[in-house]
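For reference, the structure discussed in these notes is given below.
Taken together, the values in this text are just the output of simple stated rules run on the coordinates, not laboratory data. None of these values were measured; they are calculated from a predicted model. Methodologically, a virtual Cβ is constructed for each residue, glycine included, from the backbone with ideal geometry; neighbour enumeration extends over all protein chains shown.
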Amino acid sequence: MSSIANNIHMVQQHLSETAKKYHRNSEEITLLAVSKTRPVDDIKDAYLAGLRHFGENYLQESLEKIDTLKSLDICWHFIGPLQSNKTRAVAENFHWLHTVARFKIGQRLSDQRPPEMPPLNICVQVNISEEESKSGCSVAELPKLIEQLSQLPNIIVRGLMAIPTATDNTELQRKTFAQMKQLLLELQQNHPHLDTLSMGMSGDMAAAVAEGSTMVRIGTAIFGPRAPKTAQ
Ligand SMILES: *Cc1c(COP(=O)(O)O)cnc(C)c1O
């Protein structure tokens, strides 16, 4: 077994034990492999180990990988920051985008989504830790943004995503993820189809699963430590 396959096995084991502990069905939790900076051979290993959802952060790099791997039935997620002049490539090549925080981006994506493709799945990124430096929609502006985005024909709002301030304090991790769950529950009153909480990374996946994550985004625990990314 490759070390990637072995790591995936261990992550899956950890996820299912955590789900059980918190009385959740592990089938409701998608393992999204974050493959930014990794070579396509690593993605193939993870694919052979059974994974189908892959997340990328850097547009140019991801487009090359998507093209190289186009014979595989991979569901591609864009999870990096997206400038408005780069929306077309995401609309034309991805199944999901996790980092929408402005109506204008949603509008462009809906306009640019090719008509023969199904609507693009999107999550609204929430600046849940309310950091000045972090991207994401503020909690106060969230209901209006979800309402506006829901009117657009070629995107479908699936739920919320967050990248909380990193901490080793599991209580703090859980508190933040619980706030996300609460936000989703409130939004579901007007938008009952919302079904996704994209939250949890290698360092806080257990806390995220405990609080209701439906999609954990895991890089390091699957592929090992990343080399620092140089500017693109
Ligand atoms: C890199 C990245 C991840 C994965 O982080 P790990 O700590 O390597 O698991 C998850 N989500 C986003 C948005 C990322 O950029």
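Quick notes on this structure:
- Simple point charges give the picture: +1 on the Cβ of Lys and Arg, -1 on the Cβ of Asp and Glu, and for the chain a dipole about the Cα centre of about 160 debye.
- Calculated over region 40-82: convex hull of Cα atoms, volume per residue (Å³): 63 Å³
- Pair Arg226, His191: separation of 7 Å Cα→Cβ label points (nm): 2.6 nm
- For the chain, calculated [θ]222 nm from helices alone, where every DSSP H run of n ≥ 4 adds -39500 (n - 2.57): -11500 deg cm²/dmol
- Region 66-152 - convex hull of alpha carbons, volume per residue in Å³: 105 Å³
- The orientation-averaged shadow of the Cα convex hull for region 1-41, equal to a quarter of the hull surface, comes to 3.5 nm².
- DSSP-loop GluC sites (Glu not before Pro) across region 56-149, with at most 13 other Cβ within 10 angstrom: Glu116, Glu130, Glu131, Glu132
- Extension gain from His14 to Lys175, taking 0.36 nm per residue of separation minus the Cα-Cα distance: 55.9 nm
- For region 1-69, the calculated P(r) over all alpha carbon pairs, in 5 Å bins from 0 to the bin holding the longest distance, is 3, 16, 25, 20, 15, 11, 6, 3, 0 percent.
- For region 3-223, the number of Lys pairs with C-alpha atoms closer than 15 Å, counting only pairs eight or more positions apart or on separate chains, is 6.
- Distant alpha-carbon pairs in region 3-223 (separation over 33 angstrom), percent: 12 percent
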